[in-house]
Amino acid sequence: MILPILNYPDKRLRTKAKHVDVIDGTTQTLIKDMFETMYAKDGIGLAATQVNQHLQVVVIDVPDSQNAYQLLLKNHQNSSHKQLQKHYPLCFINPKIKEKDGQEKHTEGCLSVPDFQAEVQRANHIKVEALNEKGEVFTLQATGLLAICIQHELDHLKGILFVDYLSKLKKKRLLEKTKKIIKG
């Protein structure tokens with residue numbers, strides 16, 4: 001099912017996500033619906049917070065990024081090998097960045113901030129630990145766009161949006177533009 005996505009400046013996007021204690025049928029359905037929603041909106045990442053589910057759950061699929069990450073533990077496989085040829089769907093539950101280094105500026109967009117992009121500086125190499133959709137612990141090292149996407153989505157779990165990295169002037173202009181669109 002395609003879920004409605006909260007749009008900036010909705011205050012619910014600022015809610016800190018709660019730790020997932022049990023991965024059950026409800027969690028599995030949320031993950032499935034999040035992937036479906038992300039694909040329907042042509043996104044590459046989606047945090048549960050964006051669909052008004054304030055749990056530490058993130059889904060990501062950065063196409064053709066097989067060389068951008070390296071699984072350190074064998075326990076993470078979200079799809080069949082055939083599907084992994086073009087897409088690399090990843091589910092992160094209770095994710096934590098363990099290491100990060102380097103800096104890279106990258107133009108980011110967000111499904112919760114439609115029709116707006118801005119340059120954000122983030123680490124260009126990260127190591128993240130999480131549970132997959134089966135509740136198995138995995139560790140992943142990511143670089144490039146995948147690393148940027150993971151950091152972007154994990155920010156959502158803390159109530160942080162990529163626009164928070166912008167100058168006050170750019171943020172003010174975005175807010176004014178958004179309010180005009182909302183008023184119609």
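Can you confirm whether segment 105-118 contains a residue that is hydrophobic (A, V, I, L, M, F, W, C) and over 21 Å from R14 (Cα atoms)?
No, there is no match, as no residue in segment 105-118 is hydrophobic (A, V, I, L, M, F, W, C) and over 21 Å from R14 (Cα atoms).
Scan segment 3-32 residue by residue and report those that are more than 27 Å from D164 (Cβ to Cβ), surrounded by fewer than 17 Cβ atoms within 10 Å (Cβ to Cβ) and touching a residue at least 24 places away in the same chain (Cβ under 8 Å).
Residue satisfying the conditions is Q28 alone.
Can you tell which of D164, D155 is of a type in the set (D, E), over 15 Å from the mean Cα position of the chain (by Cα) and either under 30 Å from G25 (Cβ atoms) or modelled with pLDDT of 90 or more (or both)?
D164
Kindly indicate whether E99 is modelled with pLDDT of 95 or more, assigned to a strand (DSSP E or B) and of a type in the set (D, E, K, R).
yes
The values are calculated or read from the model by the stated rules, or taken from the named source; none is laboratory data. Small disclaimer: the values here were computed from a predicted structure and weren't measured. So basically every Cβ, Gly included, is an ideal-geometry build from the backbone, and we count neighbours across all protein chains shown.
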